[in-house]
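The values are calculated or read from the model by the stated rules, or taken from the named source; none is laboratory data. The structure displayed is predicted, hence computed values, not measured ones. FYI the Cβ positions are ideal-geometry reconstructions off the backbone, even for glycines, and counts take in every protein chain you see.
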Number of protein chains: 2
Amino acid sequence: MADLAKLAGLSKITVSRALSDSPLVNPETRERIRELAREHGYKLNISARNLRLRRSHTVAVIVEMKPSSDRTMFDPYPLGLLGGISQELTAAGYSVLLTTRQGATAAAVQAADGLILLGQGVHQDAVHRFDKLGVPMVVWGAGLKGDSHVVVGSDNRLGGAVVADHFFRLGRRHPVFIGNPSHPEIYERLNGFVDALGVHGIKPLLMRRDEFTADSGTDAVHSLQARKVDFDAIFACSDLLAIGAIRGIQQMGRTVPGDVSVVGYDDMPLGASFLPALSSVHQDWQEGGMLLARKVLALIRDEPAQSETLPVSLVVRST
Amino acid sequence: MADLAKLAGLSKITVSRALSDSPLVNPETRERIRELAREHGYKLNISARNLRLRRSHTVAVIVEMKPSSDRTMFDPYPLGLLGGISQELTAAGYSVLLTTRQGATAAAVQAADGLILLGQGVHQDAVHRFDKLGVPMVVWGAGLKGDSHVVVGSDNRLGGAVVADHFFRLGRRHPVFIGNPSHPEIYERLNGFVDALGVHGIKPLLMRRDEFTADSGTDAVHSLQARKVDFDAIFACSDLLAIGAIRGIQQMGRTVPGDVSVVGYDDMPLGASFLPALSSVHQDWQEGGMLLARKVLALIRDEPAQSETLPVSLVVRST
DNA sequence: TTGAAAGCGCTAACAC
DNA sequence: GTGTTAGCGCTTTCAA
């Protein structure tokens, strides 16, 4: 900047103002300086600016990247979120600092102006650990009632409810839920499902399955068969589970959707091109990421921010 | 730091040395200072350090996040890479700055000490754009011969070759390749496949398919049938394609693996729990990410770094 | 083994 | 509309 100032015959501060679009500077002067900067390949020194402004202009995104079979954290899911987050933060002049839980002790993370937690609900210990940093924080997932964190997540209750409605309208009266309700998000799906069916006096059966694999889905259906359970609809809380369930149903000699309706969750590409094409609950990850970003930004600016749930939609295909 | 110095009755610089593990400082003094720092929740100001050291201690990772059907960029893939990158860079005291191509004009990205490009091969225009930044850069994908970029990628030629060997040992003599060889990585797979088969005097058929979906795989098989092609093995360059191909084969009234052997690529979770369980070429994304990170770090330190390909392995399951 | 001085590149506050 | 001064918090000389 000092060099540009010398070249332009002006002072450093005028250069600074010109480059940061300050209204204090004469438009012509500004253009001249900008041109000079371009010409000489000038680049703003972020560290110096951040030091001066006492801000890092950075938001740390802490991701659970260990692909555990326990959690649907592999899939298109995290990338969609990250895309939305990145887009929104970049537009606001903030950087996205990507870390795992282990890496979160790094000085750069501690210095972040804000924190976004992905892949762990509010219930996890991790959240409390990061609470202590005293930095604006937003969490993806399902909120706990009475919890004071800002949580953004898709409306899992609604997800359960729309599937319930769908089944009821199809005349299904013996629905089954497959999944692991000890995950808060899954628990909400189950809840929405149960409540919406309850209105019609229907009580679904819960088949608890911890793994989110196709095998696990097939196995669940085999169990139903072994227990001679009468069922005509399955709501699986992941697409892989759903696909496995369909396989199990076909092995029983029954048809989908003739004898049994099946709906999955997440609307993964594989489901759409599966045969029969899987009906599934769709969530807009990108939008979720953008919302997460906007919330941290609000908190950073000392503006209020509330938890928010995103709508989901049922994509009805052939199952 | 000045505060800590006052508290300890020492000078700023001694505090700085103590906290950065300088051998110049008395071990007892160091411990005393560290204890003090902990006690008072002292946090290093990264911007100030970076300003002084004239480094950002940041590596920008530029990801193509638009999930195009053209490329398998959704999937576990990028997260595995990102995990490896993050792990390695964090351990070296560097931060991972995540951006998209659009966001790459941000000042923070321009200030990065290094660049990692994901999701676009060396052939893309994007690479040349980033070249101009004059920052150490490493690219994921397939290299071009004669190209001077540092490229890390899995050994796609080997991937093709192991599948060829596998087919030959099974007695298959009429193999087909399904995929889009205009992608450099896919092109290499095809090449390895063709060359390894050529040794045995076998010439595979290329079924060009641009989409990496299951439908596209099914369609490819239907085309083979319509053209009355005699085939007994299919190498699909994605798992989704392979699954679609298997469906097509079954619709023809033929069996997998009885009549036709099928191998996919990427070894996605869905393939393993597909029925029949899909054989696939496995790549170690995590390791790839770590390697990418180590290469940029080397370049940043002005050490030499060469392109490198990672081995892949064929996971033989039921197809 | 410790310290004093200097300065990295930027911008807010206050003149003019 | 432009300039001067000062200082953000750190580490590399150089000196003791």
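General observations
- For the range A:35-67, the set of residues classified as surrounded by fewer than 22 Cβ atoms within 10 Å (Cβ to Cβ) and either in a strand (DSSP E or B) or among the small types (Gly, Ala, Ser) (or both) consists of A:ALA37, A:GLY41, A:ALA48, listed by residue number.
- Listed here are the strands (runs of 3 or more DSSP E) enclosed by the range A:199-316 that have at least 2 residues being not aliphatic (A, V, I, L, M): A:261-265, A:279-282, A:308-310.
- Odd one out for B:ARG32 among (1) assigned to a helix (DSSP H, G or I); (2) within 12 Å of DNA strand D (Cβ to nearest atom): (2)
- Checking every residue in the range A:127-138 against the condition of being within 18 Å of A:VAL61 (Cβ to Cβ) and part of a strand (DSSP E or B) gives at least one match.
- Every test in (1) touching a strand residue (DSSP E or B) at 6+ places or on another chain (Cβ under 6 Å); (2) at pLDDT below 95 is passed by A:GLU185 save one, and that test is (1).
- Inspection of the range B:23-39 finds no residue satisfying the criterion of being modelled with pLDDT under 90, more than 11 Å from DNA strand C (Cβ to nearest atom) and on the phi < 0 side of the Ramachandran plot.
- Sole residue being away from chain B (no Cβ under 14 Å), in contact with a Gly (Cβ under 9 Å, 6 or more places away or on another chain) and in contact (Cβ under 8 Å) with a residue 12 or more places away in the chain, chosen from A:PHE212, A:PHE193: A:PHE193
- Of all residues in the range B:30-57, those that are within 9 Å of chain A (Cβ to nearest Cβ) and in contact (Cβ under 8 Å) with a residue 12 or more places away in the chain have Cβ atoms under 6 Å from Cβ atoms of residues that are of a type in the set (Gly, Ala, Ser) and surrounded by 11 or more Cβ atoms within 10 Å (Cβ to Cβ), 6 or more apart or on another chain, in B:LEU44/A:ALA107; B:SER56/B:ALA111; B:SER56/B:ALA112.
- For the range B:78-115, filtering for residues that are within 7 Å of another protein chain (Cβ to nearest Cβ) and part of a loop (DSSP other than H, G, I, E, B) leaves 2.
- Pairing residues of the range B:16-27 that are more than 14 Å from chain A (Cβ to nearest Cβ) with residues that are within 8 Å of DNA strand C (Cβ to nearest atom) and assigned to a loop (DSSP other than H, G, I, E, B), at Cβ distances under 7 Å and at least 6 apart in sequence or on separate chains, gives B:ARG17/B:LEU24; B:ARG17/B:VAL25; B:ALA18/B:VAL25.
- In the range A:50-67, the residues that are over 16 Å from B:THR58 (Cα atoms), at pLDDT 85 or above and more than 16 Å from DNA strand C (Cβ to nearest atom): A:ILE62, A:VAL63
- A single entry from A:LEU270, A:LEU275, A:LEU314 fulfils the requirement of being touching a residue at least 60 places away in the same chain (Cβ under 8 Å) and either among the aliphatic types (A, V, I, L, M) or in contact with a Pro (Cβ under 9 Å, 6 or more places away or on another chain) (or both): A:LEU314.
- Tally of residues being of a type in the set (A, V, I, L, M, F, W, C) and outside any helix (DSSP H, G or I) across the range A:1-29: 4
- Failed item in (1) part of a helix (DSSP H, G or I); (2) modelled with pLDDT under 90; (3) among the charged types (D, E, K, R), with B:ASP70 passing the rest: (1)
- Residue in the range B:155-164 that is touching a residue at least 60 places away in the same chain (Cβ under 8 Å) and not in a helix (DSSP H, G or I) present: yes
- Test set (1) within 21 Å of B:ILE186 (Cα to Cα); (2) at pLDDT 95 or above; (3) assigned by TED's automatic domain parsing to the domain that holds B:LEU79 - B:GLY114 fails condition number: (1)
- A:SER148, sole failed condition from (1) assigned to a loop (DSSP other than H, G, I, E, B); (2) within 14 Å of chain B (Cβ to nearest Cβ): (2)
- With respect to (1) within 7 Å of DNA strand C (Cβ to nearest atom); (2) at pLDDT 90 or above, the lone exception for B:ILE46 is condition (1).
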